[in-house]
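Worksheet: one structure, shown below.
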Amino acid sequence: MAKDIIHKAVRFALEKDRWVITDDPFTLQTGDISVDIDLAAEKFLVAERGIEKILVEVKSFGNRSLIYDFHTALGQYIDYRGALRDEDIEIDLFLAISEETFRTFERTAFFLRRIRENNVKLLVVNLLTESIVLWQK
């Protein structure tokens, strides 16, 4: 499986935010198919005395057609979230995108509506600083 071109930056951003990467990728078997979600991570929460776990699908939106990339990413996100439900896995799934891509989405009502309608959780990363700039749940 080829890693997305922003995969390393997203991984470093999570690690800088004290997430421990547990799987790269996280392989999920559902029925007779297998899916690979880019990253699984966990973080110890002192105040809650527990561990938070997340899954992250990384997308760079680097093709000529932003709408094509968006359709692909949204479909994959919805399918992976469905597979997690099918297997009774209750871990939040995030779509990781660059800050630049997020700014483009913010300027386009179409993208914002689809993200809201489909309850897409976003993890927005500044690629230059390799840091998380937004968690949108």
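How many lysine pairs in the range 7-136, separated by 8 or more positions in sequence or lying on different chains, have Cα atoms less than 19 Å apart?
Qualifying lysine pairs in the range 7-136: 9.
Please name which of V124, T30, A109 has its Cα lying farthest along the dipole of the range 7-136 towards the positive end, using unit charges on Cβ (Lys, Arg +1; Asp, Glu -1) and the Cα centre as origin.
A109
Counting only other residues whose beta carbon sits under 14 Å from that of R113, what net charge do I get with K and R as +1, D and E as -1?
With Lys, Arg at +1 and Asp, Glu at -1, the net is +1.
What 222 nm value per residue comes from the helices of the chain, counting each DSSP H run with n ≥ 4 as -39,500 (n - 2.57) and dividing by all residues, nearest 500 deg cm²/dmol?
Rounded to the nearest 500, the figure is -11000 deg cm²/dmol.
Could you give the size of the charge dipole of the chain about its Cα centre, using +1 on the Cβ of each K and R and -1 on the Cβ of each D and E, expressed in debye and rounded to the nearest 20?
Dipole size: approximately 600 debye.
Rounded, prolate or oblate: which fits the range 4-76 when a ≥ b ≥ c are the square roots of the eigenvalues of the alpha-carbon gyration tensor, with rounded for a/c under 1.5 and prolate only if a/b beats b/c?
Since a/c reaches 1.5 but b/c is at least a/b, the shape of the range 4-76 is classed as oblate.
Which stretch or stretches of the range 41-79 have amide N atoms under 20 Å from the point lying 7 Å from D86's Cα along the Cα→Cβ direction?
Once the point is set 7 Å along Cα→Cβ of D86, 55-58, 72-79 turn out to lie under 20 Å by backbone N, inside the range 41-79.
By the gyration tensor of its Cα atoms, with a ≥ b ≥ c the square roots of the eigenvalues, what is the shape of the range 7-136: rounded for a/c under 1.5, prolate for a/b over b/c, or oblate?
oblate
Can you work out the Karplus-derived ³J(HN,Hα) for every residue in the range 97-109? Use 6.51 cos²θ - 1.76 cosθ + 1.60 with θ = phi - 60°, whole Hz, and x for glycine or proline.
In residue order, the calculated couplings are 9, 6, 4, 4, 5, 4, 4, 5, 4, 4, 8, 10, 4 Hz.
Taking the Cα centre of the range 59-137 as the origin, how large is its charge dipole in debye, to the nearest 20, when only Lys and Arg (+1) and Asp and Glu (-1) carry charge on their Cβ atoms?
Around 420 debye, computed over the range 59-137.
Which FRET efficiency, nearest 0.05, do I21 and L45 yield, Cβ-Cβ r, R0 22 Å?
My answer for the efficiency is 0.85.
With labels modelled as points extended 7 Å from the Cα through the Cβ direction, what inter-label distance (nm, one decimal) is found for H71 paired with R103?
Placing both labels 7 Å beyond Cα along the Cβ direction yields 2.8 nm.
Here, each number is a calculation from the coordinates, and none is a lab measurement. All values reported here derive from a predicted model rather than from experimental measurement. Don't worry about glycine lacking a Cβ; one is built from the backbone with ideal geometry, like all the others, and counts go over all protein chains shown.
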